[in-house]
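Data block below; observations after.
What follows is calculated from the coordinates using simple rules that are stated; it is not laboratory data. These numbers were taken from a predicted model, which means no experiment stands behind them. When we count neighbours, we look across all protein chains shown, and the Cβ atoms used for this are built from the backbone with ideal geometry, even at glycine.
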Amino acid sequence: MAGSSGDERAWIRGAQRGSASDLEALFRAHWPLAYRAAHLVVHDAAAAEDIAQESFLAAIRALDRFDRKRPFGPWLHRIVVNRAIDWARARTLRGEVGDEYLVESAVGGGGLGRRESAYSEPVVEALAALSPEHRAVIVLRHLLEYTPGEIAELLELPRGTVNSRLRRGLDELGEHFGEERP
Amino acid sequence: MNDAELRRLVRRASLTEEGEAGLRSWEVVRAAFEEREPAPRRRHHARALALAAAALALVAATLSPPGRALVGSIRAAVAPNAPTRIRAAAPALFSLPTRGRILVNSSRGPWVVQANGSRRRLGPYGEATWSPRGLYVAATRGNTLLALEPDGDVRWSLARPSPVRRPRWSPSGYRIAYLSGGLRVVAGNGEDDRRLDGPAEAFAWRPGERHVLAYGDRYGRVRVRDADSGAWLWRSPGNGRPASSLRGIEWSADGQRLLVRERTVPARPDGRRFRLPPQRLVLYDGRGRLVRTLNLGRDREVGSAAFARRGYGFAYTDYEPLSNTGRVVLVDGDTGAERILFRGRGRLEDATWSPDGRWLLAGWPEANQWLFLRAPGVGRIAAVSGIAGSFDPAAGGGGALFPQIAGWCCP
């Protein structure tokens, strides 16, 4: 996971100077949470990979302008979550489908089967019932551990809206788990 | 449920493929980082520079050789029957999945499609092709070769005694090869037009600043030649068998691999029923040495092929008449292993990579759809319906012809 703030500044400085190893350290420190955050918002593993990947590519394009005194995480997370929300909203309009139309190679034989669901956890399935905007604030609060004020700043929302979405998301998730208890 | 409970559940949730996704994405991120040219840092205010003695001038990153294309695994879903169309396709082309512009040749002339989905028809021309950086378009109209601005303004035109076909701009931007009574080359400004050789089955410029053309002669041999000096660089040998027919030639991005689509003409039909001649994809290295041959047999026809933007992996489309099934297949550049990315009813055409190499576009005339296939390892398709009518809006009652994808260029 993420290193100390001193490590991170050194990685950014190194990456700005062209060090691929420092970029790799930065990537390894931040990829897991970026991917998870995207996945929990969009509920599509392939799209989550794309979003997290594109967010890092956007970060590379802006790397020279990045102020090392600021932490990298919030900057990256803002890109990830906003892209994830946009993707989730626009999915129907784009007409994207999942991998049900893709075919595994027949080379090498073997059986063909449906991929395992990424929704191995009840909480992930429960989040799927929320809107993308609600999922985003839940992810920012409980996965990435931002305060409501920081979330409001990241998503450029009024703080009251953030609090309202957190409360409603918690209530709906609570109902979901309440129904499943024996 | 309280905050602490939810936090515990969210943070402990396990997600499949997180590790594999990370490995794939790191390769993409690393490749983009290696191609980037760092900009010099701006000077900060004096107080911010109090501890810095020198300006932060960055040395331009040394470009490293292109990395190998990743071919990750494709998650499988069994489709008991090849689909006839993607049901959830977008009803129209609202946007491209990534940056760049697509050139399309339709029955009404060439069109440029922007990343936001907007389209502009260039005019009443035949075939069109991008210049290497998308600044111009070469197009044909009867016996005339033209160079156009992307908004359709004509920069120059060149009249020939014979019909002009298949213009192809060199990677340098300073030459255009085309067919008109033979294989001809003209300078990018329309001057110094001259004949290079007789009729060529297929031809392609080698990437790089030197003007090298690979083309197939009427005997099915591959010739690689310096178009400026006329010097032969290499030729594939004749083999004494019935002539092969070359259907297409593609160069890898670094110019070190040449992919040739061949069809061997049989000496006689097989029994009473005429069978398709065997199809082959032949891979040569930059010196003309054979790397690999993919024999596709008699039952499949190769439609198109395209190297990935990096490395030696490539995609091709093929079609099996007996089952009326088309496929998009990806070939690993290192091992030659094949993976079927998509299978559907009818032919699939014009395999074309996005400029960033992350999407593969194919045309699907039977479904009247375009398929945007996400680069391997990330299973996604974005499909768009109504393609024929988008580029021939005047045709009614389904009379529009499906257009040809002529290139996906630069953002």
Quick one: which residues, 5 or more positions from B:Leu341 or on another chain, have an amide H under 5 Å from its amide H? H modelled 1.01 Å from N in the peptide plane, none for Pro or chain starts. B:Val328, B:Val329, B:Leu330
Using a 7 Å offset from the Cα along the Cα-to-Cβ direction at both A:Glu153 and B:Thr84, what is the distance between the two label points in nm, to one decimal? 5.7
Any idea how far the Cα center of segment B:163-220 sits from the one of segment B:316-361, in Å? 27
Average partner coverage of A:19-30, which counts Cβ from other chains inside 10 Å: 2
Length-normalised contact order of segment A:1-54, Cα under 8 Å, at least 6 apart, in percent, tallies to 28
Please list, ordered by chain and number, the residues whose modelled amide H lies under 5 Å from the amide H of B:Trp156; skip anything fewer than 5 residues away on the same chain. B:Ala147
Counting Lys +1, Arg +1, Asp -1, Glu -1, what net charge surrounds B:Ile102 among other residues with beta carbon under 12 Å of its beta carbon? +3
Rank the residues B:Ser157, B:Ser236 as a footprinting-exposure proxy: fewest other Cβ atoms within 10 Å of their Cβ go first. B:Ser157, B:Ser236
Segment B:89-176: proportion of alpha-carbon pairs further apart than 16 angstrom, %: 53
Count the net charge of all other residues whose Cβ sits under 9 Å from the Cβ of B:Trp232, scoring Lys and Arg as +1 and Asp and Glu as -1. +2
Need one number: nm distance between label points at B:Arg292 and B:Phe94, each 7 Å from Cα along Cα→Cβ, rounded to one decimal. 3.9
Between B:Asp192 and B:Asp254, the FRET efficiency computed from the C-beta separation at R0 = 22 Å comes out, to the nearest 0.05, as 0.20
How many Cβ atoms of partner chains, on average, are near each residue of B:84-93 if near means within 10 Å of its Cβ? 3
How would B:Thr140, B:Thr98 line up from fewest to most surrounding beta-carbon atoms within 10 angstrom? B:Thr98, B:Thr140
Residue by residue through segment A:137-154, which ³J(HN,Hα) values in whole Hz follow from phi under the Karplus form 6.51 cos²θ - 1.76 cosθ + 1.60 (θ = phi - 60°), with glycine and proline marked x? 6, 4, 5, 5, 7, 9, 9, 8, 6, 8, 6, x, x, 5, 4, 4, 5, 4
Taking H as built 1.01 Å from N, whose amide H comes closer than 5 Å to the amide H of B:Ala375, not counting residues under 5 places away? B:Trp359, B:Leu360
In order through segment A:30-44: 3J(HN,Hα) via Karplus (6.51 cos²θ - 1.76 cosθ + 1.60), integer Hz, x for Gly, Pro: 10, 4, x, 6, 4, 5, 4, 4, 4, 5, 5, 8, 8, 6, 8
Quick one: Karplus J couplings for segment B:286-295, per residue in order, coefficients 6.51, -1.76, 1.60, θ = phi - 60°, nearest Hz, x for Gly and Pro? x, 10, x, 8, 5, 9, 6, 10, 9, 8
Cut-off 14 Å, label 7 Å out along Cα→Cβ of A:Glu175, residues of segment A:133-167 by amide N: A:167
Could you tell me the largest-minus-smallest coordinate of the C-alpha atoms of segment B:139-181 on each of the three principal axes, in descending order and whole angstroms? 26, 22, 12
